[in-house]
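Here is the structure we will look at, set down as structure tokens.
Please treat every number below as a calculation from the coordinates, not as lab data. Small disclaimer: the values here were computed from a predicted structure and weren't measured. Cβ sites come from the backbone with ideal geometry, for glycine too, and all protein chains shown count toward neighbours.
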Amino acid sequence: MKKNNLLLFALILGIFIVLVTACGKDGDEVKNKDYDYFTDQRDGEMYKTIKIGDQVWMAENLRYLPFVTEPDSGSPTIPLYYVLAYEGNDLAEARASDYFDTYGALYNWEAAKIACPSGWHLPTEAEWMQLADFVGGAGTAGDKLKESGTAHWGLINDEITDEFGFTALPGGCCLANGLFDGLESYAAWWTVTGIDTAQASYILMTHNGTGMYTGMSIREHGFSVRCVKD
């Protein structure tokens, strides 16, 4: 009997140790996401990074914000920076915003082209499509790259998996007329691919679409930025 009790105690102790160890792990490890981390020396901001296929992406929207612009100050040629739902020009206030912490900054195209830190760059449209191809094609890439759960996209959808750790968030945009739009409805990221003297290419994911879509936009709009490693 004593031997059996000892074996039972050892079994319970082993299970307890396994559970404690699992609970003590970083949540990313529990999800089997192999994240690395990068610190931007310009402002001390730290980013998760993730290798997907042959590419290394930031797994968060860029938060580089040298100054902040009032949303009705659009320009196709001067770099401008915005923060979702913030209508002032006080940098400290803008950086203290919960929206900034979660969704990052918004950039017109001129700002987006120069926003990524050394060793990283604003991706081309082709680099975004390379990402889409690796995760199974543009038609379903959105659901595989969006943040899973209902905290941001507001959907209960088992097809939204974030299985590659990209964690796309629907941070919307700043329109050229000064209005903010799209929070929790879509994500829009600039590419470095210009279309003509007035427009550039961007990438879109929507709350009611499964894919990763390409589009053209005037350069004044403020979109998010995801950097890819050189």
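Below is a table of values for the structure above.
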| quantity | calculated |
| --- | --- |
| Compactness relative to 2.2 N^0.38 Å, alpha carbon Rg of segment 138-180 | 1.35 |
| Size of charge dipole - segment 31-229 - debye, nearest 20, with Cβ of Lys, Arg +1 and Asp, Glu -1, no other charges | 400 |
| Between segment 198-230 and segment 51-104, the Cα center-to-center distance that results, in Å | 15 |
| Segment 202-211 - phi-based ³J(HN,Hα) in whole Hz, Karplus 6.51/-1.76/1.60, Gly and Pro as x | 9, 10, 10, 10, 10, 5, 10, x, 8, x |
| Most positive-pole-ward Cα, A111, A141, Q41, against dipole of segment 31-229 from beta carbon charges | Q41 |
| Burial order of peptide ranges 199-205, 131-137 (average beta-carbon count within 10 Å, highest first) | 199-205, 131-137 |
| Förster radius 41 Å - calculated FRET efficiency between K48 and N157, Cβ distance, rounded to 0.05 | 0.95 |
| Amide H contacts of L183 (H built 1.01 Å from N, under 5 Å, at least 5 apart or other chain) | C173 |
| Peptides 46-59, 83-96 ordered by average Cβ neighbours within 10 Å, highest first | 46-59, 83-96 |
| Virtual paramagnetic centre 7 Å along Cα→Cβ of A126, amide N under 18 Å, in segment 215-230 | 215, 228-230 |
